[in-house]
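Chemist: Please see the structure below; I have some questions.
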Amino acid sequence: MTDRVVGFVRRTTPYLGLVGGLLFFAYWFVRAREVALPTGVGALLDVGTVVLLGTAVLGYQLAQGLEPGAWVGWAGVAAVLEGLVSSPPTVCLGLVLLGVSIARCGVHPRVPGIIMSVSALALFLSYFMSAGFGRGYAEVGLLAKGVMGLALIGVVASLADLLVIERGAAQHAKA
């Protein structure tokens, strides 16, 4: 039973990461501007983001296991999961740590880890550049909007890149 669950998580992690990353993009913008969504839609966005992104980061970290430097990723996963339910800056720091771990451990390709770390750090900085984060009436500056948008695209791109690379490696291994 446990082997099937682990196998399922490993097979689906890249897909969960891509969809979870896209949901995180929407989640971040909704939370940054306190957009009032209908109750069901808001709850679905929150739960979907937590479950899909949380499972993906956990899946990537499980693949790294106990490799040297993987402890940084475990701290990142814990920060991402905690931050999704309570603190946006903690999500950013968790993604930075997970990206560093991905880049260092060598289990996954380095480039997506670097992209994830740099993008999450930029997202963290944009959080503090926008003094009105989480307030619907506050006007976020153009620079902060631009940095936030590019950083979110970078996070999603790193997750998509992991999907493409992992699928390519799996197809190459079959041939």
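Chemist: At R0 = 41 Å, how high is the FRET efficiency between V5 and M129 if r is their beta carbon distance? Nearest 0.05 is fine.
Modeler: Details: r = 41 Å, r/R0 = 1.00.
Rounded to the nearest 0.05, the efficiency is 0.50.
Chemist: Under a point spin-label approximation (7 Å from Cα along Cα-to-Cβ), what is the A36-L142 distance to one decimal in nm?
Modeler: Once both label points are built, they end up 3.0 nm from each other.
Chemist: GNM on the chain, C-alpha springs below 10 Å: top fluctuator among G113, G40, G73?
Modeler: G40
Chemist: With every protein chain kept in place and ligands, DNA and RNA left out, what is the accessible area per residue of the chain? Probe 1.4 Å, answer in Å². The partial results should precede the final answer.
Modeler: Details: 8940 Å² over 175 residues.
Accessible area per residue, the chain: 51 Å².
Chemist: Here are labelled values, (1) 1.04; (2) 1.01; (3) 0.99, and one is the computed Rg/Rh (Cα atoms, Kirkwood Rh) for what I pasted. Which one?
Modeler: The calculated read-out lines up with (3).
Chemist: I would also like to ask the following. Can you give me the % of accessible surface on the range 1-63 that is carbon or sulfur? Probe 1.4 Å, all protein chains present, nothing else counted. Please report the intermediate quantities before stating the final value.
Modeler: Details: 2520 of 3440 Å².
That share works out to 73 percent.
The values are calculated or read from the model by the stated rules, or taken from the named source; none is laboratory data. Because the structure is predicted, anything quoted here is derived from the model rather than measured. Note: ideal-geometry Cβ built from the backbone for every residue, glycine included; neighbour counts use all protein chains shown. With ligands, DNA and RNA removed, areas are computed over all heavy atoms of the protein, side chains included. Shrake-Rupley method; radii C 1.70, N 1.55, O 1.52, S 1.80 Å.
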